[in-house]
Each structure stands twice: as C-alpha cells, then as structure tokens.
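Everything below concerns the one structure shown next.
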Amino acid sequence: MTQKVPVNPNLSYRLLHPMHTMLVSAIGNSGKPNIATLAWVMPTSINPPLLAISLGPTRHTHTLIEESGEFVVNVPTLELLQAVYACGSLTGRSFDKFKKANLTPMPAKKVKAPAIRECIAHLECEVDGQLVTGDHTIFVGKILEAYADLGVFTESYDLKKARMLYHAGGNNFALLDPKVYKP
C-alpha cells in the first residue's frame, strides 16, 4: 500500500487540479470591460443550462458582475497562455486587460459584456443566483447563448484542434492528452 501524506488544508483545493482554465469577461456601470482568469468554473444544471463560477470579492470582475448581473465564459487555448497569465496577474482596476493581453473584445449576442474573439468558445450568462462561500462568491449563470469556432466542437471538443489550458496550480498550466479513451 502507498503511504499517504498530509496536505496543507489551505492547499487542499489543488488536489482537484488540473482544472479547465477560462477567461471570464464582464462589464459594469463604467462601461469598461474586464477579464478574469478562472479555473473554478463548472456546470450545475443541464435543464435549465446553468454554470457556476467562483470569484473572490476583491476581484474587479466580481464587482462588475454584481453591477451588471451578467458575464461571458470564454474558452482559451494554449496559444493564449501569455494572455491568460496576464489576465490573472493584473488588476482591471489599473489596467485595460484587453489591451495588455492583446485580446479583442467582440460583441456578445445576448449580454452587454463582450466575448473574447481569440477564444474558441463562449457561454453568455445572466446571473441566476449567488452564494457567499467563505472567501469567495459563487455566481450561478443561466446560459443564454453558447457558440464555438467552426470545426472545434460538435457534441464534444476535437482535442487535436482545441488545445485547451488546464490550471495545474500556481503559475503552472497543462494540456489534455488529445487521445480519447473509452472503457
């Protein structure tokens, strides 16, 4: 039997990594859009289509989502690694993350928050509920519109074309093995 070693409870969430990395865009009352890099994103319901994102209340995007009641989850790929890192390292209170990360805001179809043109998929959401959980807020988003680049998604991603990023903890990211395994 393999020996089990204790993990610091404050790092225990990393036992759930790697996690799919997303860029969440939002716009608030000022009309200035912002982007947050998040790995804490998950589906919560198929019908109605709901997802949850978890953000710390000190994050600028948290404020924008509370002001507007909407956001867009954008799916980046390996080619956007530097942009993903910049959007997670800089504050939107001081920087225009679209400019700093060389990303292009694109009009969303159903919400005011922009989508990110360079990402391969987008889920436009309106806030359906929120819950404070310790030092983070979970925003439940009702998916109003979802779309992806032609050729990367049908009922699932083509992993050879969609080289999506996974947060492995700290400043580390990983890719999925593009081979699909079936039981």
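None of the figures in this text is laboratory data; all of them are computed from the coordinates on show. Everything numeric here is computed off the predicted structure, so don't read it as measured data. Please note: Cβ atoms are built from the backbone with ideal geometry, for glycine as well, and neighbour counts cover all protein chains shown.
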Inset, instruction - Let me know the shape class of the range 94-175, please: from the alpha-carbon gyration tensor, a ≥ b ≥ c as square roots of the eigenvalues, rounded when a/c is under 1.5, otherwise prolate if a/b is greater than b/c, or oblate. - result: rounded
Legend entry - Fully extended contour minus Cα-Cα distance, from ASN102 to HIS20, at 0.36 nm per residue: 27.4 nm
Inset, instruction - Using a Gaussian network model of the chain whose springs link C-alpha atoms within less than 10 Å, name the residue from PHE173, PHE98, PHE153 with the highest mean-square fluctuation. - result: PHE153
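Take the alpha carbon gyration tensor of the range 19-158, find the square roots of its eigenvalues, order them as a ≥ b ≥ c, and report rounded if a/c is under 1.5; if not, report prolate when a/b exceeds b/c, else oblate.
Rounded, since a/c falls under 1.5.
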Inset, instruction - Search the structure for amide H atoms under 5 Å from the amide H of ALA39, placed 1.01 Å from N in the peptide plane, and list their residues when 5 or more places away or on another chain. - result: MET22
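Given the Cα-Cα distance of LEU176 and SER89 and 0.36 nm per residue of separation, how much length would full extension add, in nm?
Numbers: separation 87, 0.36 × 87 = 31.32 nm, distance 2.35 nm.
Difference between extended and current length: 29.0 nm.
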Inset, instruction - Round to the nearest 0.05 the FRET efficiency obtained for ASN10 and LEU81 when R0 = 25 Å and r is the Cβ-Cβ distance. - result: 0.40
Inset, instruction - Based on other C-beta atoms within 10 Å, arrange SER45, SER68, SER30 from fewest to most. - result: SER30, SER45, SER68
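Apply 1/(1 + (r/R0)^6) to the Cβ-Cβ distance of LYS160 and VAL132, taking R0 = 30 Å, and write down the FRET efficiency to the nearest 0.05. Intermediate values should be presented prior to the final figure.
Values: r = 41 Å, r/R0 = 1.36.
Step by step, r from the Cβ atoms, then E = 0.15.
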Inset, instruction - Select from the range 1-66 those trypsin sites (Lys or Arg not before Pro) which occupy a DSSP coil region and have at most 15 other Cβ atoms within 10 Å, ordered by residue number. - result: LYS4
Inset, instruction - Using just the helices of the chain, give the 222 nm mean residue ellipticity in deg cm²/dmol: DSSP H runs with n ≥ 4 each add -39,500 (n - 2.57), and the total is spread over all residues, rounded to 500. - result: -3000 deg cm²/dmol
Legend entry - Gaussian network model of the chain, springs between alpha carbon atoms under 10 Å - residue of GLU124, GLU145, GLU155 with greatest fluctuation: GLU155
Legend entry - Pairs from LYS109/LYS160; LYS109/LYS142; LYS110/LYS142; LYS110/LYS161; LYS32/LYS112; LYS97/LYS161 whose Cα-Cα separation, in the structure shown, is over 18 Å: LYS109/LYS160; LYS110/LYS161; LYS97/LYS161
